[in-house]
Amino acid sequence: MSESDSAQSGKARATALGALRHRNYRLFLVGQIVSTIGTWMQSVAMPWLALELTHSGLLVGLVLATQFTPVLLGSQLGGVVADRYRKRNILLVTQSLFTLPSFALFLLSASGHAHYWMVLVAAAATGTINLFDVPARQSFLIEMVGRQDLMNAIALNSSVFNAAAVIGPSIAGLIIAAVGVPICFLANSLSYLAAVGALLLMKDLPALVPDRHEQRWFERIAQGAAYARRQPIVGMLLIAVAVFSLFAMNRLTLIPLFADQVLHVGAQGFGFLMASMGLGALAGALTLAFVPAMGSDPRRQFWIALIWVAGLLVFSASRVYLLSLATLFVAGYCQISFVAAANNRIQTITPDNLRGRVMALYSQALIGVGPIGSMQAGALASWRGAPLAMAIGAVVAGAVIVAIRLARPEVFQPGYPKRTSSKAASARAGTSQRSERT
């Protein structure tokens with residue numbers, strides 16, 4: 001059966017909130033709701049603790065860069081592990097390990113013995129665990145819900161992430177104001193117990209056989225990269241996600257500057273700008289959760305990308321606060337719609353035994369390049385101002401998406417290429433590697 005046939009039959013079976021009919025996914029989602037709120041609480045507490053210890057914005061930024069750099073540098077190692085071992089077992093290990101840096105920060109901050117270097121070590125440890133967790137967690141979805149409900153599962157996960165992005169920081173702010181940062185670290189540490197419990201309660205998972213062929217690790221990594229290079233839709237979508245992550249997703253770097261220097265709305269106005277974009281992202285995720293077929297249309301994905309670019313350009317030119325709020329809502333909606341659609345299409349096309357390595361490339365494209373994007377946006381904003389930095393980023397992202405559409409029109413046309421079996425894909429990738437070596 002061709003992939004287009006598979007996609008069409010998948011669309012026919014997909015229903016609103018269809019992922020929730022799978023018991024394992026319901027357990028997973030509940031665990032993720034609790035742990036993601038905890039993660040967002042720590043995302044506020046960790047830089048705040050670093051600021052209290054150093055009173056340096058640069059050193060606070062270094063904490064964030066330290067946390068995400070392992071994903072950029074080492075995700076392919078995590079992808080190999082995800083393809084070699086059962087994903088639930090990997091997640092049991094990673095979700096359990098996540099409790100340790102958080103609990104250590106709780107003990108250190110509560111006792112008054114925390115030092116800046118300890119925060120850096122905790123950030124590096126969290127990032128290192130994340131490089132194994134993200135590829136396994138992303139590629140585990142399809143094992144719980146199947147291809148027909150994958151778009152719905154991705155959308156529900158995105159809904160949880162964006163709702164938690166509102167709830168978690170709000171709770172953390174109240175707790176920090178009332179009793180200080182230590183309780184936020186404790187709450188995050190305990191929140192992972194919900195995710196571990198959900199994984200332990202799962203049963204009747206498909207007996208997918210992990211890839212355990214005798215190959216060197218670097219050959220396995222090269223095999224995933226070779227597949228992405230040879231499969232144009234996967235490769236081009238990875239490039240598109242990376243470019244948008246580099247140039248169009250720098251809200252934490254640029255929006256504070258807009259609030260302070262361009263719109264002159266202060267800290268409260270900054271909060272509303274961030275909330276507007278978060279609400280747009282939540283609306284986009286819920287749209288895909290209730291109408292999953294919308295995320296499977298490549299033509300819609302292309303136009304969503306262009307609307308996203310247009311929204312950022314209007315925001316960069318706006319000096320009217322209400323217009324800025326509206327355009328950030330649109331940008332948030334389009335961002336989550338585009339990224340979720342890319343995730344769904346990449347996972348649907350990729351063979352089972354390569355999915356972990358390909359999703360590692362996806363996590364590098366979406367998350368790993370974040371610190372680089374923040375650095376370029378911050379440098380450009382310091383040189384020419386935040387509006388020009390935002391506009392240039394949007395133009396670059398738009399130019400790349402149009403170039404992909406012109407050079408490889410099949411990427412944004414209906415229908416997938418004929419799906420390759422896992423064994424055949426591995427063989428072709430291996431042949432490609434051998435020919436390159438010779």
Full extension between Arg21 and His113 adds, at 0.36 nm per residue less the Cα distance, a length in nm of 28.3 nm
At the level of C-alpha centres, the distance separating the range 146-198 and the range 350-415, in angstrom, is 26
Per-residue Cβ contact counts at 10 Å, fewest first, order Met41, Met375, Met236 as Met375, Met236, Met41
Once phi for every residue in the range 64-70 is put through the Karplus expression 6.51 cos²θ - 1.76 cosθ + 1.60 (θ = phi - 60°), the whole-Hz ³J(HN,Hα) values, with Gly and Pro written as x, are 5, 5, 4, 6, 9, 4, x
Once both label points are put 7 Å beyond Cα along the C-beta direction, the Val291-Leu306 separation in nm becomes 1.9
A correct Karplus calculation of ³J(HN,Hα) over the range 46-53, with 6.51 cos²θ - 1.76 cosθ + 1.60, θ = phi - 60°, whole Hz and x for Gly and Pro, returns 5, x, 5, 4, 4, 5, 4, 7
Expressed as a percent, the portion of alpha-carbon pairs in the range 287-391 spaced more than 24 Å apart is 37
Checked the range 17-100 against the a/c 1.5 cut and the a/b vs b/c comparison, axes a ≥ b ≥ c from its Cα gyration tensor; verdict oblate
For the chain, the charge dipole (Cβ of Lys, Arg +1; Cβ of Asp, Glu -1; about the Cα centre) points to a positive end, and the Cα of Ala123, Pro135, Val369 closest to that extreme belongs to Pro135
Rounded to the nearest whole number, the Stokes-Einstein translational diffusion coefficient of the range 265-308 at 20 °C and 1.002 mPa s (Kirkwood radius, C-alpha pairs) in µm²/s is 179
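Each reported figure results from applying straightforward, stated rules to the coordinates on display, with no laboratory input. The structure presented is a predicted model; accordingly, all values stated were derived computationally and were not measured. In this analysis, Cβ positions are derived from the backbone assuming ideal geometry, glycine residues included, and neighbour counts consider all displayed protein chains.
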